[in-house]
Each structure stands twice: as C-alpha cells, then as structure tokens.
Amino acid sequence: MKKRILFAIGAIGLLLGGVSSLAQAENFPQSEEPIIKPPVEEQTLKEAKIDTESLEIGPFYGLYALDGFGTSAVYGVRLAYHLTEDVFFEGTYGITRFNQDTFRNLTGRSLVNDEKITYWNAGAGYNLLPGQTFLTRKKTLNSTIYLLGGLGQTQIDGQAHFTFDAGTGYKIYIVDWFEFRMEMRAHILQTDITGENKVMKNIEGTAAFAVFF
C-alpha cells in the first residue's frame, strides 16, 4: 500500500514538472528577425514622362505589298489627336508604287500606265496594353500596344477605290514629346485592274517617328 502511494506521488511530481517546463517554453522570447537575411538591393527606376499635348505628327517609312503583285517602298505622314489616354483619332497620307515587274516579265506588257499609288485614310485607335519597356535595370520607357482601324481611299492608275484599313502597332515614348512606333496594317479594297472585280488585301509594314505639340 505504501509503495502505491509513493508511486502516485512520483507520477504527480513528473506531471507537474512537465507542465512547468511547457509554460516556460511558451514564455521564452523569440527573435522576430530571421537568422539569415537575404540581400536586398533597392533600385530607383526612371521612366519617361508623356507630354500633356494632344496632337502628334510625324513621317513614316516601310514596305507595301500589293496583293498578287510585288512589294514596294511606302512613305508618308500621319497626324493624330489624342482624345483620352487610351483613345485617339488619326489621319494618314501615303505614297507607294504599283510593282508590276513580275507581271511585265511574264506577259511582256504593263498592266497600269501610272505606277504611282497614293492613299489616305482616317480612323480611330485604342491603346490596348499600356505598360513599360525596360532599356536597362534602372531606365524604363513608357510604351503601349494599340489597335486601329479606319476608312479612306486608294488611288490606282487614276481610279479611286474605297478602302477599309485595320492593324496593330507598338509605341515607345523616347522622351515626353517624341515617340517611335512600328505598325502593321491591312488595306482592303475592291478593284478591276486585272479585268475582273477582285478584293485586294494589301499589307503594309512601317516604322515611324512622331512629335507632340
């Protein structure tokens, strides 16, 4: 009987000692900072500002592929008005030529008398994905990917053809008053220069500069 009482007293003592140790462990102060700190390098990024002016104008140059015929250089000028940060209206005037070298080599004759092609169009654009372009680790430039479309007229061999155009492009703002952009457009028109009515899809790729004022 006495052994049982001594065993019970010993068990109670061990239990109380465990509870006391647990309470001390919970009150043990813990460091709030990690033992190993990862290196943190703060960087100050400089980004180009965008001018508050609404008008922009600039020349462009590129290639114009006449559907079913050859590719020629194209050049012209664009004028745009920015209604908001995302929406703008734009007018374009361009000059290229009817490349009929392949047709002339195959048939021995010319298809058109005047190889000069001129066009104009007016339409609207939308800045779909505005963002930033990183030139270096500390230098960024504002940029955007945009969509555009419009209506106009294409002059081929003295005849005017109603034209619909649509495309996409990429703009990057070098400084607050100067931008560079690359663009792809499709000019869709109907013509009978080959002797039958045909819908032409002429593809144009250009690079351009523009200034704000």
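The values are calculated or read from the model by the stated rules, or taken from the named source; none is laboratory data. Just so you know, these numbers come straight off a predicted model, no measurement behind them. Ideal geometry is used to build each Cβ from the backbone, glycine not excepted, and the neighbour counts take in all protein chains shown.
Descriptive notes on the structure:
- Residue list for segment 64-123, restricted to those being of a type in the set (Gly, Ala, Ser), surrounded by 13 or more Cβ atoms within 10 Å (Cβ to Cβ) and assigned to a strand (DSSP E or B): ALA65, SER72, GLY76, ALA80, GLY91, GLY94, ALA122, GLY123
- Of all residues in segment 110-124, those satisfying the criterion of being of a type in the set (A, V, I, L, M, F, W, C) and under 30 Å from PHE89 (Cα atoms) are ILE117, TRP120, ALA122, ALA124.
- Restricting segment 165-185 to residues that are modelled with pLDDT of 95 or more and surrounded by fewer than 15 Cβ atoms within 10 Å (Cβ to Cβ) leaves a set whose member that is nearest to the chain's Cα centre (by Cα) is MET184.
- The set of residues in segment 187-204 being surrounded by fewer than 15 Cβ atoms within 10 Å (Cβ to Cβ) and among the hydrophobic types (A, V, I, L, M, F, W, C) consists of VAL199 alone.
Yes or no, residue by residue, for (1) outside the structural domain of GLU196 (by TED's automatic domain parsing); (2) at pLDDT below 85; (3) farther than 23 Å from PHE164 by Cβ:
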{"residue": "GLU53", "(1), (2), (3)": "no, yes, yes"}
{"residue": "PRO59", "(1), (2), (3)": "no, no, yes"}
{"residue": "PHE69", "(1), (2), (3)": "no, no, no"}
{"residue": "VAL77", "(1), (2), (3)": "no, no, no"}
{"residue": "GLY108", "(1), (2), (3)": "no, yes, yes"}
{"residue": "GLN132", "(1), (2), (3)": "no, no, yes"}
